[in-house]
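Asker: Dropping a structure here in structure tokens format, bear with me for questions.
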Amino acid sequence: MSAFLIIVLFALFIIGLPIAFSLGLASSLTVYFGDLTHMVVVIQQTFNAINSFTLMAIPFFILAGYLMQHGGISKRLVDFSDSLVGNMSGGLAMVAILTSLFFSAISGSGAATTAAIGAIMIPAMAQKGYDIRFAAATHSASGSLGIILPPSIPLILYGVAASVSIGDLFVAAVIPGFIVAFSFLIYAYIYSKKKGYIGTEKSGWREVWITFRKAILAILMPVIVLGGIYSGVFTPTEAAVIAVVYSFIVGAFIYRSISITKMIQVLRDSAVMSANILLIIGTAGLFGFIMQRLGIPDMISATFVDNISSALIFILIATLIMLIVGMFIEAAAAILIFVPILLPVAVEFGIDPIHFGVIMIVNLAIGMFTPPVGLNLFVASQISGIGIIRLLKPIVPFVIILLVDVLLISFLPVLSLWLPSIM
């Protein structure tokens, strides 16, 4: 029945059935034909997978992200980033990456980051003479910071699946997130220098201060979220509610950018996104339960331990698996499916679960801007009007850079574990 479960799942993937329905149908058919248990367990396990106080953080962080996205902060963050690096070679490309870094720490979503910043910066870069393919590739790649930096939704899912502290995961991902952003900035500078993309006029300290003051309320949100969690004032779930209240006050009453019409759109978009993710979580939980009943994780773990001699080899294999999986399966589903399989093996080799979580999330970030299901790539393609095929060549350097970052983060655990250790 293990083979039946996997074959049916991939067959459903191939014919294009959505991930949530593929997981649920494959699991249900395995229960029915394998006579594993009563069919009522299908409903029970699907509900149990989402019946978690911690998971309540997901719809709240999604709502907070949409509130900030529609709350007029994108332009303020772009102006602040432009005042910092806009005068350098490839200044607008660097502005795009730096703004994505700021916005990622607010939205927790790669697609939202790509859409909010790309809608402003891709046309601006094209107008200044940048190759629009490079502009779209830059935004689709830098949007992946949205699932690496807190309040990343995949980090929350990993924390629930691995039963580790979400607060520790949030803090552990900060340095790796900055490493990824910095490596993107270096590439953008070198590429732009080669192509002759000059910067804008240098900003004075007065302009930097003015743009910072306008963007400070947006920049403060991740500080409040992480600070509140680590000071013990509130849990990650309560932090998500605080983020919603803060985002609403800033967007509606201070920036005055959220009208009643926009608020209805925000609530609708948040509800749809939350429903999609929670449905995947529920069916992935059912799938995980069936795998446990069939003993699949134990079989895979034993195979790894018996045939792999070191943690180094395991990390390389796990990286390859996540790279391939991330290209075909959404990050949320990949986490919930593969954490029960790979994490016990990682622990067996002495790899810290927090460190392994960061490795996994950064790895899956590559899938956010690679075909066939890279959502960031599709968003950037839609904004730029450039077909996916034409974006493949300019996206390759970013894939290589992120792979190097994954290996660096994997083999230097201190990059992930130092901040949680001192806090």
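Asker: Restricting attention to the range 247-270, which residues are part of a helix (DSSP H, G or I) and either of a type in the set (Ser, Thr, Tyr) or without any contact (Cβ under 8 Å) to a residue 24 or more places away in the chain (or both)? Before the answer, list the steps.
Answerer: Taking the range 247-270 and keeping what is part of a helix (DSSP H, G or I), we get 247-254, 260-270.
Those that are part of a helix (DSSP H, G or I) and either of a type in the set (Ser, Thr, Tyr) or without any contact (Cβ under 8 Å) to a residue 24 or more places away in the chain (or both): Ser247, Ile249, Phe253, Ile260, Thr261, Met263, Ile264, Arg268, Ser270.
Asker: Out of the range 49-84, which residues are open to solvent by 70 Å² or more (accessible area, probe 1.4 Å) and over 24 Å from the mean Cα position of the chain (by Cα)?
Answerer: Taking the range 49-84 and keeping what is open to solvent by 70 Å² or more (accessible area, probe 1.4 Å), we get 51, 53, 56, 75, 84.
Hit for the range 49-84 is Leu84, nothing else.
Asker: Just checking, how many residues over the range 156-178 are under 18 Å from Ser144 (Cα atoms), part of a helix (DSSP H, G or I) and open to solvent by less than 40 Å² (accessible area, probe 1.4 Å)?
Answerer: From the range 156-178, those under 18 Å from Ser144 (Cα atoms) are 156-158, 169-178; that's our starting set.
Still in the list and also part of a helix (DSSP H, G or I): 156-158, 169-172, 174-178.
Within this subset, residues satisfying the condition of being open to solvent by less than 40 Å² (accessible area, probe 1.4 Å) are 156-158, 169-172, 174, 176-177.
Residues meeting the conditions: 10.
Asker: Just to check your reading of the model, which residue among Val223, Val244 is in a helix (DSSP H, G or I), out of contact with any helix residue (DSSP H, G or I) (no Cβ under 8 Å at 6 or more places or on another chain) and either under 16 Å from Pro150 (Cα atoms) or open to solvent by less than 30 Å² (accessible area, probe 1.4 Å) (or both)?
Answerer: Numbers: Val244 fails: out of contact with any helix residue (DSSP H, G or I) (no Cβ under 8 Å at 6 or more places or on another chain).
Step by step, each of Val223, Val244 is checked, and only Val223 is in a helix (DSSP H, G or I), out of contact with any helix residue (DSSP H, G or I) (no Cβ under 8 Å at 6 or more places or on another chain) and either under 16 Å from Pro150 (Cα atoms) or open to solvent by less than 30 Å² (accessible area, probe 1.4 Å) (or both).
Asker: Which count do you get for residues in the range 198-220 that are farther than 14 Å from Ala105 by Cβ and in contact with a helix residue (DSSP H, G or I) (Cβ under 7 Å, 6 or more places away or on another chain)? Before the answer, list the steps.
Answerer: So the first thing to find is which residues in the range 198-220 are farther than 14 Å from Ala105 by Cβ, and the list is 198-214.
Those still in the list that are in contact with a helix residue (DSSP H, G or I) (Cβ under 7 Å, 6 or more places away or on another chain) too: 199-200, 203, 207-208, 211-212, 214.
Final tally of qualifying residues: 8.
Asker: I would also like to ask the following. Could you look through the range 1-35, keep only residues that are within 12 Å of Leu286 (Cα to Cα) and of a type in the set (Ser, Thr, Tyr), and pick out the one that is surrounded by the most Cβ atoms within 10 Å (Cβ to Cβ)?
Answerer: Ser27
Asker: Here is a follow-up. Out of Pro150, Pro154, report the one residue that is in contact with a Phe, Trp or Tyr (Cβ under 6 Å, 6 or more places away or on another chain) and either under 29 Å from Lys393 (Cβ atoms) or not hydrophobic (A, V, I, L, M, F, W, C) (or both).
Answerer: Details: Pro154 fails: in contact with a Phe, Trp or Tyr (Cβ under 6 Å, 6 or more places away or on another chain).
Step by step, each of Pro150, Pro154 is checked, and only Pro150 is in contact with a Phe, Trp or Tyr (Cβ under 6 Å, 6 or more places away or on another chain) and either under 29 Å from Lys393 (Cβ atoms) or not hydrophobic (A, V, I, L, M, F, W, C) (or both).
Asker: Out of all the residues in the range 288-295, is one or more outside any helix (DSSP H, G or I), out of contact with any Asp or Glu (no Cβ under 7 Å at 6 or more places or on another chain), of a type outside the set (Asp, Glu) and farther than 20 Å from Leu149 by Cβ?
Answerer: The answer is yes, given that some residue of the range 288-295 is outside any helix (DSSP H, G or I), out of contact with any Asp or Glu (no Cβ under 7 Å at 6 or more places or on another chain), of a type outside the set (Asp, Glu) and farther than 20 Å from Leu149 by Cβ.
Asker: Filter the range 284-323 down to residues that are in contact with a Gly (Cβ under 9 Å, 6 or more places away or on another chain) and without any contact (Cβ under 8 Å) to a residue 60 or more places away in the chain and give me whichever is most open to solvent (accessible area, probe 1.4 Å).
Answerer: Restricting to residues being in contact with a Gly (Cβ under 9 Å, 6 or more places away or on another chain) and without any contact (Cβ under 8 Å) to a residue 60 or more places away in the chain, the top hit is Ala311.
Asker: Can you find, within the range 36-48, the residue that is most open to solvent (accessible area, probe 1.4 Å) among those that are of a type in the set (A, V, I, L, M) and touching a residue at least 60 places away in the same chain (Cβ under 8 Å)?
Answerer: First, pick out the residues of the range 36-48 that are of a type in the set (A, V, I, L, M): 36, 39-43.
Next, from what is left, pick out any that are touching a residue at least 60 places away in the same chain (Cβ under 8 Å): 36, 41-42.
Numbers: Leu36: 44, Val41: 19, Val42: 17 Å².
My answer is Leu36.
Asker: Where in the range 41-137 are there helices (runs of 4 or more DSSP H), lying fully within it, with 2 or more residues that are under 21 Å from Tyr191 (Cβ atoms)? Talk me through it step by step, then tell me what you get.
Answerer: On the way: elements: 57-69, 73-85, 91-107, 110-127.
The helices (runs of 4 or more DSSP H) meeting that bar are 73-85, 91-107, 110-127.
Asker: Of the conditions (1) out of contact with any Asp or Glu (no Cβ under 8 Å at 6 or more places or on another chain); (2) more than 27 Å from Lys262 (Cβ to Cβ), Gly71 clears all except one; give me its number.
Answerer: (2)
Asker: Do we find a residue being over 29 Å from Ser152 (Cβ atoms) and in a helix (DSSP H, G or I) anywhere in the range 15-28?
Answerer: Just the residues of the range 15-28 that are over 29 Å from Ser152 (Cβ atoms), to begin with: 15, 28.
Filter again for in a helix (DSSP H, G or I), leaving 28.
Checked the range 15-28: at least one residue is over 29 Å from Ser152 (Cβ atoms) and in a helix (DSSP H, G or I).
Asker: Would the range 141-153 turn up any residue that is outside any loop (DSSP other than H, G, I, E, B), among the polar types (S, T, N, Q) and surrounded by 24 or more Cβ atoms within 10 Å (Cβ to Cβ)? Spell out how you get there, then give the answer.
Answerer: Let us first name the residues in the range 141-153 that are outside any loop (DSSP other than H, G, I, E, B), namely 141-147, 153.
Pick out the ones that are also among the polar types (S, T, N, Q) and you get 142, 144.
Cutting the leftovers down to surrounded by 24 or more Cβ atoms within 10 Å (Cβ to Cβ) gives us 142, 144.
Yes, the range 141-153 contains a residue that is outside any loop (DSSP other than H, G, I, E, B), among the polar types (S, T, N, Q) and surrounded by 24 or more Cβ atoms within 10 Å (Cβ to Cβ).
Asker: Restricting attention to the range 85-123, which residues are open to solvent by 10 Å² or more (accessible area, probe 1.4 Å), touching a Gly at 6+ places or on another chain (Cβ under 9 Å), under 29 Å from Ala57 (Cα atoms) and modelled with pLDDT of 80 or more?
Answerer: Leu101, the sole residue that qualifies.
Asker: Out of all the residues in the range 361-399, which are β-branched (Val, Ile, Thr) and either open to solvent by less than 20 Å² (accessible area, probe 1.4 Å) or under 22 Å from Ile335 (Cα atoms) (or both)?
Answerer: Ile361, Val362, Ile366, Thr370, Val373, Ile386, Ile395, Val399
Asker: Among the residues of the range 400-423, write down those that are β-branched (Val, Ile, Thr) and buried (at least 20 other Cβ atoms within 10 Å of the Cβ). Spell out the reasoning first.
Answerer: From the range 400-423, those β-branched (Val, Ile, Thr) are 400-401, 404, 406, 409, 414, 422; that's our starting set.
Those that are β-branched (Val, Ile, Thr) and buried (at least 20 other Cβ atoms within 10 Å of the Cβ): Val406, Ile409.
Asker: Can Ser163 be described as of a type in the set (Ser, Thr, Tyr), without any contact (Cβ under 8 Å) to a residue 40 or more places away in the chain and more than 16 Å from Ser100 (Cβ to Cβ)? Before the answer, list the steps.
Answerer: Values: of a type in the set (Ser, Thr, Tyr): yes; without any contact (Cβ under 8 Å) to a residue 40 or more places away in the chain: yes; more than 16 Å from Ser100 (Cβ to Cβ): yes.
Here the answer is yes, as Ser163 does meet what is asked.
The values are calculated or read from the model by the stated rules, or taken from the named source; none is laboratory data. Small disclaimer: the values here were computed from a predicted structure and weren't measured. Positions of Cβ are generated from backbone atoms using ideal geometry, with glycine treated the same way; all protein chains shown enter the neighbour counts. These area figures cover heavy atoms from the full protein model, side chains too; ligands, DNA and RNA do not enter into them. Shrake-Rupley method; radii C 1.70, N 1.55, O 1.52, S 1.80 Å.
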